[in-house]
Amino acid sequence: MTTFWSWLIKGSGNGAGLKRFLDRWILLHIIVGLSLAFLVPITLKDAAVTLLLPVAGIFIGLSFAWGGNAQALLQSTEIENMSSFRGGGYVEYVYTFQAAILLILITLVLWAIAGLGIFDMVWPACSNSYIYFFISFLLFFFSSLTVRECWHVVLGAQSMLLVRFKIRKISK
């Protein structure tokens with residue numbers, strides 16, 4: 001059986017799971033990360049506490065709610081049968097949703113560390129440190145990527161719902 005970690009790095013027949021994040025849209029996330037790291041005038045701690053940690057709660061709630069819907073759909077006969085026509089099979093569907101949740105959790109942990117003030121304590125923003133800028137970039141980059149993955153969780157669940165409906169309609 002393919003484990004999540006081997007799927008993420010090696011894949012299960014449809015390429016490595018990481019390639020889902022490393023597509024043409026990665027450039028947009030890099031631009032967003034660099035722009036916000038350069039333009040946001042407050043410390044990472046202030047940004048985390050004021051805005052991003054509360055918003056992260058919304059992302060988590062949204063993704064877990066739709067992830068639950070997706071899990072219910074994945075257990076339907078129609079989706080199980082459909083998955084046999086995709087490279088990598090059923091594993092691709094299950095682990096794709098898990099990868100999105102992992103990204104959300106990583107982003108949340110990074111912003112929680114920022115909210116605790118650890119980055120600001122080790123690399124003060126006023127020191128014009130390249131390391132602080134890089135950490136800011138990473139946090140905003142991951143945040144941008146997380147917005148996309150939250151949308152993909154919703155989109156994936158909706159797509160499976162529509163496909164299941166079409167399969168049921170055709171099979172009647």
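The values are calculated or read from the model by the stated rules, or taken from the named source; none is laboratory data. None of the values given here were measured: they were computed from a predicted structure. Note that we place each Cβ from the backbone using ideal geometry, even for glycine, and neighbour counts take in every protein chain shown. The accessibility values were calculated without ligands, DNA or RNA, using every heavy atom of the protein model including side chains. Shrake-Rupley method; radii C 1.70, N 1.55, O 1.52, S 1.80 Å.
Here T107 fits the description: touching a helix residue (DSSP H, G or I) at 6+ places or on another chain (Cβ under 9 Å), free of Cβ contacts under 8 Å to residues at least 60 places away in the same chain and either crowded, with 19+ Cβ neighbours inside 10 Å or in a helix (DSSP H, G or I) (or both).
A quick yes/no check of all residues on (1) loosely packed, with under 12 Cβ neighbours inside 10 Å; (2) free of Cβ contacts under 8 Å to residues at least 24 places away in the same chain; (3) over 23 Å from F140 (Cβ atoms); (4) out of contact with any Asp or Glu (no Cβ under 7 Å at 6 or more places or on another chain):
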{"residue": "N14", "(1), (2), (3), (4)": "no, no, yes, no"}
{"residue": "R20", "(1), (2), (3), (4)": "no, no, no, yes"}
{"residue": "A37", "(1), (2), (3), (4)": "no, no, no, yes"}
{"residue": "A47", "(1), (2), (3), (4)": "no, no, no, yes"}
{"residue": "L52", "(1), (2), (3), (4)": "no, no, no, yes"}
{"residue": "I60", "(1), (2), (3), (4)": "no, no, no, yes"}
{"residue": "W66", "(1), (2), (3), (4)": "no, no, yes, yes"}
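Residues of segment 152-172 that are assigned to a helix (DSSP H, G or I) and over 27 Å from the mean Cα position of the chain (by Cα): K166, I167, R168, K169, I170, S171. Checked against the criterion of being within 26 Å of L161 (Cα to Cα), over 15 Å from the mean Cα position of the chain (by Cα) and not in a loop (DSSP other than H, G, I, E, B), the candidates A72, A65 yield just one match: A72. The set of residues in segment 5-56 being assigned to a loop (DSSP other than H, G, I, E, B), within 16 Å of the chain's Cα centre (by Cα) and under 20 Å from V109 (Cβ atoms) consists of F21 alone. The sole residue among I135, I113, I170 that is open to solvent by 80 Å² or more (accessible area, probe 1.4 Å) and of a type in the set (V, I, T) is I170. When every residue of segment 133-148 is checked against the conditions, none turns out to be among the hydroxyl-bearing types (S, T, Y) and closer than 20 Å to G13 by Cβ.
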